[in-house]
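The values are calculated or read from the model by the stated rules, or taken from the named source; none is laboratory data. Everything quoted here is computed from the prediction, not taken from an experiment. Methodologically, a virtual Cβ is constructed for each residue, glycine included, from the backbone with ideal geometry; neighbour enumeration extends over all protein chains shown. In case anyone asks, the SASA skips ligands and DNA or RNA and just uses the protein heavy atoms, side chains included. Shrake-Rupley method; radii C 1.70, N 1.55, O 1.52, S 1.80 Å.
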Amino acid sequence: MQCAVVEFARNVLGLKEASSTEMNPETPYPVIGMMEDQKKIVNKGGTMRLGAYACDLKKGSKAERFYGKSRISERHRHRYEFNNEYLKAYENAGLSPSGFNPENNLVEIVELKNHPFFIGSQFHPELKSTVANPHPLFINFVAASLAYSRKQ
């Protein structure tokens, strides 16, 4: 999700120097930034946002359709997040935040409205996916790819 957010800012929003503060602490457009509670931590070992967190899915979103419910729980491992100061600009340009953490309003999922699949997640879907029980995002990515290939 973070790379998609940076790319969208640069190429759709026209913020050519947009970046994550992890890669460029001096970016004039910090569309991805370190979480507030992480900024105070000096000794970084084992202090990331780790583990499962709740995520509320936007009604009518692809994510809600793929999961078949409005609240999910997904596993995380990161220090950097979507900068909500840019939320309206993204929404107005067509990149819709479709999943939010209910406790702190962090963006967990973004999706393009007029695209057959495009979804970016802050969490790690591979951490809850197995061969016998693949993650809903993976199943639906393959299904969208197959449907698209049949249109050609």
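For region 72-90, a residue qualifies if it is touching a residue at least 24 places away in the same chain (Cβ under 8 Å) and either aliphatic (A, V, I, L, M) or in a strand (DSSP E or B) (or both), and the qualifying residues are 72, 74, 75, 76, 77, 78, 80, 81, 82, 89.
Might you check whether a residue that is over 15 Å from the mean Cα position of the chain (by Cα), open to solvent by less than 40 Å² (accessible area, probe 1.4 Å), under 16 Å from residue 1 (Cβ atoms) and at pLDDT 95 or above occurs anywhere in region 45-64? The answer is no, given that none of the residues of region 45-64 is over 15 Å from the mean Cα position of the chain (by Cα), open to solvent by less than 40 Å² (accessible area, probe 1.4 Å), under 16 Å from residue 1 (Cβ atoms) and at pLDDT 95 or above. Taken across region 111-126, residues that are out of contact with any Asp or Glu (no Cβ under 6 Å at 6 or more places or on another chain), closer than 26 Å to residue 79 by Cα and basic (Lys, Arg) do not occur at all. Checked against the criterion of being in contact with a Gly (Cβ under 7 Å, 6 or more places away or on another chain), among the basic types (Lys, Arg) and open to solvent by 30 Å² or more (accessible area, probe 1.4 Å), the candidates 75, 79 yield just one match: 75. Residue 108 falls short on exactly one of the conditions (1) modelled with pLDDT of 90 or more; (2) over 11 Å from the mean Cα position of the chain (by Cα), and that condition is (2). When 29, 90 are checked against the criterion of being modelled with pLDDT of 95 or more, farther than 22 Å from residue 144 by Cα and touching an Asp or Glu at 6+ places or on another chain (Cβ under 8 Å), a single residue qualifies: 29.
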